[in-house]
1. Just the number, please: percent antiparallel of the DSSP beta bridges in region 1-149, rounded to the nearest 5.
2. Taking only C-alpha pairs under 8 Å that are 6+ residues apart, what is the relative contact order of the chain in percent?
3. Evaluate E = 1/(1 + (r/R0)^6) for residue 28 and residue 119, where r is the Cβ-Cβ distance and R0 equals 22 Å; express this FRET efficiency to the nearest 0.05.
4. First check a/c for region 113-232, with a ≥ b ≥ c the square roots of the eigenvalues of its C-alpha gyration tensor; if it is under 1.5, answer rounded, and if not, answer prolate when a/b is larger than b/c or oblate otherwise.
5. Suppose we take every Cα in region 1-103 and form the convex hull; what volume per residue is that in Å³?
6. If the chain between residue 129 and residue 78 were fully stretched, how many nm would it gain, using 0.36 nm times the residue separation less the Cα-Cα distance?
7. Of the beta bridges DSSP finds with both residues in region 2-273, what % are antiparallel, to the nearest 5?
8. Output the peptides 266-275, 159-168, 77-86 sorted from most to least packed, where packing is the average of other Cβ atoms within 10 Å over each peptide's residues.
């Protein structure tokens, strides 16, 4: 569902849906679940449907390459058909992408328009290389190469920015997306239970408030092999930081109507984009930056 503004510049209201999944190491089952949830989201009247991160496969990292897809390829053809069938913009979360001649995979978002054409591709910029003391260790960069491009796309005249999971912790990316005109940012994720329970909602709301944008954050929920847990609690948040929809702890779809006038109102009331001082900002030199990391 969308309603057009009086000046014709774009819709006043866009209905969006975020799909929450509990993907595991059965790729065929994951794809079947995703298609069913896309159908459910489309039945709600959503104009934009977004899937979570790495939804085709979540399991031991040694299975990543076998589960990876080429883009375009059989999976994107299947998703393009779903976008055409329902006449929706389909944000395909992120999938592990296999590229000819490249030893590492990419963690890539693909967006389809209602005719099934690919209108945007974005590969995750920031790699989740982390040791959670006494809890877990994960090195995404062992199998995945980072992207190098910041991406927005046009949805019925509205600019939508793209980010993936760990990108959430890098506010400069979201500020650049907003400065490039994004009114909505979609962040598919597979946030760990350990960090998610304390940081997920706080960071999603912070990014919305800082930049006066809607945040759509479809996530993974529950246990996946060999013995890991995702936090879930997929969110849709408005530009004032108010949570419009939260997913329960199960595979589901959440839906909300985004009033684009609230983006303009929030940016008038908290004009942090307009009041920036880029001439006064400077990155620390390399030596000081390294000292801050110790």
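Please treat every number below as a calculation from the coordinates, not as lab data. Source: prediction; values computed, not measured. Cβ sites come from the backbone with ideal geometry, for glycine too, and all protein chains shown count toward neighbours.
1. On the way: 17 of 25 bridges.
Percentage antiparallel, nearest 5: 70.
2. On the way: 666 pairs, mean separation 56.0, N = 294.
That works out to 19 percent.
3. Values: r = 27 Å, r/R0 = 1.24.
According to the calculation, E is roughly 0.20.
4. Numbers: a/c = 1.87, a/b = 1.62, b/c = 1.16.
Since a/c reaches 1.5 and a/b is larger than b/c, the shape of region 113-232 is classed as prolate.
5. Details: hull volume 11.4 nm³, N = 103.
Looking at region 1-103, the number lands at 111 Å³ per residue.
6. Here the answer is 15.2 nm.
7. Numbers: 40 of 56 bridges.
For region 2-273, the DSSP antiparallel bridge percentage is about 70.
8. Working: 266-275: 13.0, 159-168: 24.4, 77-86: 17.2.
Final packing ranking: 159-168, 77-86, 266-275.
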